[in-house]
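Below you'll find the structure, written out as structure tokens, and then a few comments.
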Amino acid sequence: MELRYYIIRRLLLLIPTILGLTVLTFLLMRAFPNYQLVQGYINPHSSIPVSVQMLNAEKALGLNYPPPVQYIYYLKDLFLGNWGQMSTTFYSGPVLRGIEYFFPNTVQLAIFSIILSIIIAIPLGTYIGARPNTAADQAGRVFSLAFYAMPTFWLALILQIILGQDVIYGNPFGIFPIQGSFQPTSINPLHPPSWLINTQLGTVLSSPTHLILIDALIHGDFAVASSAFMSLVLPVVTLTLTLLAGILRFVRAGMVDAASQEYVKTARSKGVPERLVIKRHIRKNALIPTVTVLGLLFASLLGGVVTIEYVFGYPGIGLFGLNAVLQNQIFGVMGTTLIFGLILVMANLIVDVVYALIDPRIRY
Amino acid sequence: MVLRKSMRTPDVVVKKRPRLEDTIYTAKLFFKNRLAFVGFVITMIYFAIAVIDEVYPQWLGVSNLNSMANWVPALSSNVPTAPTLSHGWMYIFGTTQFLVPIFPVMLAALKFDIGYSLLIVTIGALFGLAVGTIAGYFGKIFDEILMRVTDIFFSVPFIVLAFAISYALGRSLNTVIIALIIIWWPIYARLTRGLALSTRSMKYVEAATASGSSGMRNVVVHVIPNVLSPVFVQISLDLGSIVQIFATLYFLSVIQGSQLLPELGNMISRGQTYLPQGIWWPVVIPGIFLLIFTVSINLMGDGLRDVLDPKLRR
Amino acid sequence: MLVNEIDKTKITRDDYLVVQNLKTQFFTSKGIVKAIDSVSFSVKEGEVYGIVGESGCGKSVTATSIMDLVPDPPGRIIGGSIYIDGFDIISDTDKLVKITVKSETDVKIKRNKRLIKRHNYIISRIRGKKIAMIFQEPSLALNPVMTIGDQIIENILLHNMVSISESIIRRETIKDQDLDNFLSEASAIKNHSDLKRYVQRWARDFGMPDIEDSILNVLSSNAAKPFVRKELVELIIPQRKGVNINIFKETKDYHDDLNKLLDLNLKLLNSENKADTAGIARYEQEVKNLERQMRTKYLTFNLKRIILKKTYQRVFQEEARRRAIELLKLVNIAGPERVIDSYPHELSGGMQQRSMIAMALASDPRLLIADEPTTALDVTTQAQILDLIRELNKFTGSSVIFITHDLAVIAEMCNRVAVMYAGNIVEEASVDDIFTNSKHPYTTGLLKSIPRTDINVARNLRMESIPGNVPNLITPPTGCRFNPRCQHKMDVCEKSKPKLVDVGDGHKVACFLYSDLTDGDN
Ligand SMILES: Nc1ncnc2c1ncn2[C@@H]1O[C@H](COP(=O)(O)OP(=O)(O)O)[C@@H](O)[C@H]1O
Ligand code: SF4
Ligand SMILES: [Mg+2]
């Protein structure tokens, strides 16, 4: 399979990018003095005295050596899963475990939004792109421009005002919760389900998937499941709207561009009915450039995730990272940057592979 | 009769229009696009307000725009919270935290939002332009390094990178601005690199090189003028994004130390606490004000791209 | 010299295409490009008609106007008639849009959406079926994300459903009688190549071209007749798919009716154009009747089609694929089984253009428009493609409009030639006349600029070309559009426009040197 070799080659090409990413995060950490770095290796609940822990940490980080050697130590730690400790009001403990806890929530949010926005954007973009400068097209353009230019946090707040529960008194549309990944009122306080773990920091974790919606369904607790679902609606809608606006712009532009190509004239000259000209000839070609910008859109989606998780108090990796920043947790920030970088790099890889699959002109 | 070779008909030679006439034509085309024109006008109004803020801050009723605290009314006065005109134009949109009137603060915010964003984009663009042109024109190792470095920048989402860098630098207003510049220049470096590469292979630049014109001279005479208009379009499109990111960073309280700066994201963040009381205007109104700006500047940028990109020009 | 006004060309029976006073303009932001300014000509059945002129003279716009493919916006056909097979396809131009010209750069175009929709529906059924077109740049004209096969098959399935259904039905219902007839007729043929042709035709009619060669082998094996018959039956049986043929019968009827509907619609359109109220009423009624009839008649068919979608479509796909391979063979593509599954970028320019031609031929059009089909190709390939087009013209008997800027090619290819300049036909004559007896100063100039090997090597070095350029068509020269470049310019040339007049033997010229000085438009 040629495609398999292409993927392997692309995977190999990832190595320098990922190494570059680690250099970046390493440099970020080196912006701080040693004593602050060492903090991130200290476990206050341990029986070992703090001064000993500090010395051990200095050794483990290789702080006595020149920076290039420190970098090697740093890489080694990353590989061994030793991403340091953090302590915030949101989460305390090893950074990597925190990522494991909160990452699934972010993935869930992103996947819902991506699927929804693609399902809506492609037919809609095809429709308006095939009728440039008509009323429908103008409306579509205004819509996508407005949501594209709208700050995500503001959109989130507006949706809270319009659709959020208990935001505006007596609002009949206000049926969706505005905070958290589920509502504590949906559990019986006398018999809390065993699969929900309270971390004492106001954050509730669920097992085994760390996704409350899925876990509740697994355990057959439909009250929690429906509460988790309702809590997902507003964050997903916000993210979908911003993403949709972006994709719509590109699908429309792609359609308009493809429609002016010579092969469309050929198709018409063959007598292909207009409906099929659009579907078979224009749209297929229009989606190719759209795929190439999906990587960029994904980056903006990840940016949006941070804001949305903050506004909705949704326990994902964005909120995790933001708390690390606001509460001065070096290793938390490092871990978040790295994980976001890795997601984006992988997303770009997937985009490239999809691109190679749908465009026969790409030789791999 | 035996006829062999093809007849070569001369291609229609388009006379090069003088520059001024070309500019006027471009402007005409631009203003013909109604949406772009509206975007341009509104953008210019916002810019004008920002300039007036700078030269004559007193028009907003205070002598110094740097802190929202300057608008806090004297305790005695009976200040409305909801939008009303009965207390003069400043209270037309009501008040926010500390009974600060929304409207004048919003206008004052333009000085900072637009001012800082312009600063960030301009420095980022200049630096990126320099690096990108050199990499694109001289190529080789320099180009390779540039591509790899920018790859790394593009491999982290902007907001997260902004967090990380501003955190490492200290989370003050100044360091956030520096962080945003650091994040923004690679876009321009990539853009100009591509343009410089294609300019280099153009016939007349090749001819200039062949006739002994030096590299640096070519860059200044041929490459830079060719990359300027796409860079300009990119700047106008980016200004909207930067304003958004800047406001977002304020909203998320990533920027420390100037929590009273009149800034739209900051204002919305402050207004947010009143939402549960049904007080929506401190959130909605500054947001709409910001949205009008980002939409307008995007309309303007799209219009500019349409007329400056020869491929799209009809 | 006898001068006949030929403004209104009489449509004779053997004219497949007649263009009268065609006017096409582009409404751009810089002004109105008067690209085609009253062009009239006709193309007879089976002839190769050349159009020649410098680039920018309006050759491509003429061709796209005939296909009604002028890009809109900015372009529109604003007047004239184009008769294809007797029907005027653009008779309703005035009704489709209202154009209000305030100034060169301020034009309001108001479109009647409903009529445009109907117009496009009708025209899309004429395109491809009655006229096909091949383009200058095959690499741009082929869809990059579809295989060559899919693009040809698309065309076949659009236009040939009736004949495909017929051959499927024949194949599935082949009877002893058919075989006996075939065998007896085949045995009567002695000449091998005749036999081959006969077998080919028979196999195609019965939808099994795959076993052509095997049938031929069996027939030429000189075995005893019963044995040959047994062998044949064994060859044929596996070809049959055992599908229910009712649905194919219905398919055939359905597409027959669709064609009838199109004819009626065309007639309706023509009556509307002539404001013939009786005709309008009659054809409107007939269209309505047929539509109503079809709705009830094909109710179950449409359901069946949806339910049996997979099997039903596969049979058609397979048959269309066979035909596509045949077409690729017809245009001399080596290894058609491989090429059919290739994407355009995997082929050379010549192969791409051959595929384009195969695609155009898929629907057996009676007119092929070739717009500079060889300009983008290298010299050897050019010659091959020209040979191919000429062969196909002889073989299929369809007409060709051959557009080029290369007079040498015209000499090789065409029966008659029109010389275009700045949106006008300035001279039209048989090829011999153009080369030996050219009249118009522009034609003479073009001829002089060809390097000629038969005259003088020294002349060859100093090739004369016409001074100046094709004018800007936003503000074209008044009067004769050639006047700024003409050596014989007279006063009248700037004031009025010469008409195309017949100077004998169908040789037509538009120049005041050959017509009455008063005989022009002011
Ligand atoms: N899409 C278009 N927009 C504006 N003008 C056009 C367009 N297409 C063709 N024209 C103009 O029509 C004239 C004839 O062009 P064309 O038919 O392509 O010439 P050619 O004889 O080389 O095929 C030219 O002056 C050209 O500028
Ligand atoms: S009409 Fe006049 S200008 Fe035109 S070709 Fe004839 S002589 Fe020349
Ligand atoms: Mg042409």
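Observations, loosely collected:
- Filtering A:P289, A:P360 for residues that are within 8 Å of another protein chain (Cβ to nearest Cβ), modelled with pLDDT under 90 and farther than 14 Å from B:S155 by Cα leaves a single hit, A:P360.
- Put simply, of C:E346, C:E372 the only residue that is within 16 Å of ligand 1 (Cβ to nearest atom), within 12 Å of another protein chain (Cβ to nearest Cβ) and not hydroxyl-bearing (S, T, Y) is C:E372.
- In the stretch C:475-493, the residues that are away from ligand 1 (no atom under 16 Å from the Cβ), out of contact with any Lys or Arg (no Cβ under 9 Å at 6 or more places or on another chain) and open to solvent by 20 Å² or more (accessible area, probe 1.4 Å): C:C486, C:Q487, C:H488, C:K489, C:M490, C:D491, C:V492
- Of the listed requirements (1) farther than 18 Å from C:S163 by Cα; (2) assigned to a loop (DSSP other than H, G, I, E, B); (3) not charged (D, E, K, R), C:L232 misses just one: (2).
- In the stretch C:383-408, residue farthest from A:S269 (Cα to Cα) [restricted to those that are within 10 Å of another protein chain (Cβ to nearest Cβ) and within 16 Å of ligand 3 (Cβ to nearest atom)]: C:L407
- B:G61 vs. criteria surrounded by fewer than 23 Cβ atoms within 10 Å (Cβ to Cβ), within 30 Å of A:Y310 (Cα to Cα), touching a strand residue (DSSP E or B) at 6+ places or on another chain (Cβ under 9 Å) and touching a residue at least 24 places away in the same chain (Cβ under 8 Å): no
- Residue that is buried (at least 18 other Cβ atoms within 10 Å of the Cβ) and at pLDDT 85 or above, where the choices are C:I169, C:I156, C:I164: C:I156
- Residue in the stretch A:205-216 that is out of contact with any Cys (no Cβ under 8 Å at 6 or more places or on another chain), open to solvent by 40 Å² or more (accessible area, probe 1.4 Å), outside the structural domain of A:V311 (by TED's automatic domain parsing) and not hydroxyl-bearing (S, T, Y) present: yes
- The stretch C:49-107, residues that are hydroxyl-bearing (S, T, Y) and within 22 Å of C:R416 (Cβ to Cβ): C:Y49, C:S55, C:S60, C:T62, C:T64, C:S65, C:S81, C:Y83
- Residues (open to solvent by 60 Å² or more (accessible area, probe 1.4 Å) and either among the polar types (S, T, N, Q) or assigned by TED's automatic domain parsing to the domain that holds C:I126 (or both)) located in the stretch C:261-288: C:N273, C:T277, C:Q285
- Of all residues making up the stretch C:95-140, the number that are open to solvent by 70 Å² or more (accessible area, probe 1.4 Å) and more than 13 Å from every other protein chain (Cβ to nearest Cβ): 9
- Taking the listed residues C:V457, C:V470, the one that is within 16 Å of ligand 3 (Cβ to nearest atom) and modelled with pLDDT under 85 is C:V470, with no other qualifying.
- Unique residue being aliphatic (A, V, I, L, M) and under 13 Å from C:A132 (Cα atoms) when the list is C:I401, C:I410, C:I425: C:I401
- Qualifying residues in the stretch B:89-116 (those that are in contact with a Gly (Cβ under 9 Å, 6 or more places away or on another chain) and among the polar types (S, T, N, Q)) - the one surrounded by the most Cβ atoms within 10 Å (Cβ to Cβ): B:T96
- Enumerated helices (runs of 4 or more DSSP H) restricted to the stretch C:309-410, each holding at least 2 residues that are in contact (Cβ under 8 Å) with a residue 24 or more places away in the chain: C:309-330, C:349-361, C:379-396
- Residues of the stretch C:199-220 that are of a type in the set (K, R) and more than 20 Å from C:E172 (Cα to Cα): none at all.
- In the set B:V149, B:V176, only one residue is part of a helix (DSSP H, G or I), within 13 Å of chain A (Cβ to nearest Cβ) and open to solvent by 10 Å² or more (accessible area, probe 1.4 Å); that residue is B:V149.
- Filter pass, B:F251 being more than 24 Å from B:F163 (Cα to Cα), in contact with a helix residue (DSSP H, G or I) (Cβ under 7 Å, 6 or more places away or on another chain) and of a type outside the set (D, E, K, R): no
- Listed by position, the helices (runs of 4 or more DSSP H) contained in the stretch B:219-314 that have at least 3 residues being under 23 Å from the mean Cα position of the chain (by Cα) and among the polar types (S, T, N, Q) are B:224-251, B:281-308.
- The helices (runs of 4 or more DSSP H) found entirely in the stretch A:45-135 that carry 3 or more residues being at pLDDT 85 or above are A:67-79, A:95-129.
This table checks each residue for (1) on the phi < 0 side of the Ramachandran plot; (2) under 26 Å from the mean Cα position of the chain (by Cα); (3) in contact (Cβ under 8 Å) with a residue 60 or more places away in the chain.
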{"position": "A:S144", "(1), (2), (3)": "yes, yes, yes"}
{"position": "A:M150", "(1), (2), (3)": "yes, yes, yes"}
{"position": "A:L159", "(1), (2), (3)": "yes, yes, yes"}
{"position": "A:V167", "(1), (2), (3)": "yes, no, no"}
{"position": "A:N171", "(1), (2), (3)": "yes, no, no"}
{"position": "A:S186", "(1), (2), (3)": "yes, no, no"}
{"position": "A:L190", "(1), (2), (3)": "yes, no, no"}
{"position": "A:A223", "(1), (2), (3)": "yes, no, no"}
{"position": "A:S226", "(1), (2), (3)": "yes, yes, no"}
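One line per residue, one yes/no per condition, for (1) more than 8 Å from chain B (Cβ to nearest Cβ); (2) surrounded by fewer than 21 Cβ atoms within 10 Å (Cβ to Cβ):
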{"site": "A:G295", "(1), (2)": "yes, yes"}
{"site": "A:V306", "(1), (2)": "no, no"}
{"site": "A:E309", "(1), (2)": "yes, no"}
{"site": "A:A324", "(1), (2)": "yes, no"}
{"site": "A:L338", "(1), (2)": "yes, no"}
{"site": "A:V354", "(1), (2)": "yes, yes"}
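- Any hit, the stretch B:42-55, residues being free of Cβ contacts under 8 Å to residues at least 60 places away in the same chain and part of a loop (DSSP other than H, G, I, E, B): no
- Unique match (being of a type in the set (F, W, Y) and surrounded by fewer than 20 Cβ atoms within 10 Å (Cβ to Cβ)) among A:W195, A:W154: A:W195
- Among residues of the stretch C:40-57 that are more than 13 Å from ligand 1 (Cβ to nearest atom) and of a type outside the set (A, V, I, L, M), those with a beta-carbon under 6 Å from a residue that is open to solvent by 30 Å² or more (accessible area, probe 1.4 Å) and not in a strand (DSSP E or B) at least six positions away or on a different chain give the pairs C:S40/C:T9; C:S42/C:T9; C:K44/C:D14; C:E45/C:D14; C:G46/C:G397; C:E47/C:N415.
The values are calculated or read from the model by the stated rules, or taken from the named source; none is laboratory data. Since this is a predicted model, take the numbers as computed values, not measurements. Note that each Cβ is placed from the backbone with ideal geometry, even for glycine, and that neighbours are counted across all protein chains shown. For accessibility, only protein heavy atoms count, side chains too; no ligands or nucleic acids. Shrake-Rupley method; radii C 1.70, N 1.55, O 1.52, S 1.80 Å.
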